[in-house]
Amino acid sequence: MDIFTLHRGTVPLLVSVPHDGTRIPPDIASRLSDSARRVPDTDWHIAKLYAFARGMGASMIVPVHSRYVVDLNRAEDDVSLYPGQNTTGLCPVVQFTGEPVYLKGGEPDEAEVRARVDRYWRPYHEALQGELARIRAEHGRAVLWEGHSIRGELPFLFDGRLPDLNLGTANGASCSPALQLRLEQVLSAQDDYGFVANGRFKGGHITRHYGDPGNGVDAVQLEISQRVYMDEESYVYDDAKAVRAQALIRRLLEATL
């Protein structure tokens, strides 16, 4: 099944980019609103931004399909990650702007949601879990790095302007204190980008579910404001911006290892 690609590396690091995919099957696409067909809520080019990590020896898993098909970073029971705040679900019916994803009457019913979980969500998670187990068996530990990006201003989801870099560790529960300290030290040592730890984005389902530092699996999410490496209006990748951002991400991954 053409659901994801998995590159197996040689160091105890797995980079997951669950919102990089853009493909929407025709039977779903025909029911989407005009704006949703552009898949604006994609973590644009995030796999490209992290591609250098393969050269560091990291494993990397990249999905094919859009989060509008199924959101791989939500639990299969669709429990809200941020109770009381606007958010989107397992099979989103609203965009990050608050606009509808589907034409009227086109939303998936519960049977369709379950079918999408089985076809698209479960294979990704089984592969992710299997790769973490392989890494831990080989190295005695594993780090799961969740690479994400989002438009820097989205009033429907959060007030004001999002910091450039948003580190999420489920308030310290998904990774060891020592790892979080090293990452914050790297971020504090630079002045190119603003950052926050466990602010609006504390880590999604993948970070919270797979992070188990007591058993040798650390998980960290980095949510990057898209202005850092691309043009938010046109979705065009900006090589000059990206190279600067990659240098800092590399230092974070080195500190992780």
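The values are calculated or read from the model by the stated rules, or taken from the named source; none is laboratory data. A quick note: this is a predicted structure, and the numbers were derived from the prediction, not measured. Every residue, glycine as well, gets a Cβ built from its backbone with ideal geometry; the counts of neighbours run over all protein chains shown. Ligands, DNA and RNA are stripped out before the accessible areas are found, and what is left, the full protein with its side chains, is counted by its heavy atoms. Shrake-Rupley method; radii C 1.70, N 1.55, O 1.52, S 1.80 Å.
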May I ask for the distance between the Cα centers of the range 206-226 and the range 153-200, given as a whole number of Å? 13
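Hydropathy first: keep DSSP H helices in the chain averaging at least -0.5 on Kyte-Doolittle, then drop any whose Cα extent along the axis falls short of 15 Å, and list what survives.
For the chain, where a helix must reach 15 Å along its axis and average at least -0.5, the hits are 177-188, 239-256.
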Please give me the summed charge of the neighbours of residue 44: other residues whose Cβ is under 10 Å from its Cβ, Lys and Arg +1, Asp and Glu -1. -3
Students often forget the sequence filter, so: which lysines lie under 17 Å Cα-Cα from residue 48 once same-chain residues fewer than 8 apart are removed? 241
Give me the net charge of residue 212's neighbourhood, meaning all other residues with Cβ under 13 Å from the Cβ of residue 212; Lys, Arg count +1, Asp, Glu -1. +2
Counting sequence-distant residues (5 or more places) and residues on other chains, those with an amide H built under 5 Å from that of residue 102 are 33
Which percent of the accessible area of the range 1-69 is formed by carbon and sulfur heavy atoms (probe 1.4 angstrom)? 54
Can you give the accessible area per residue of the chain, in Å², using a 1.4 Å probe? 42
Per-residue [θ]222 nm for the chain (sum of -39500 (n - 2.57) over DSSP H runs n ≥ 4, rounded to 500): -8000 deg cm²/dmol
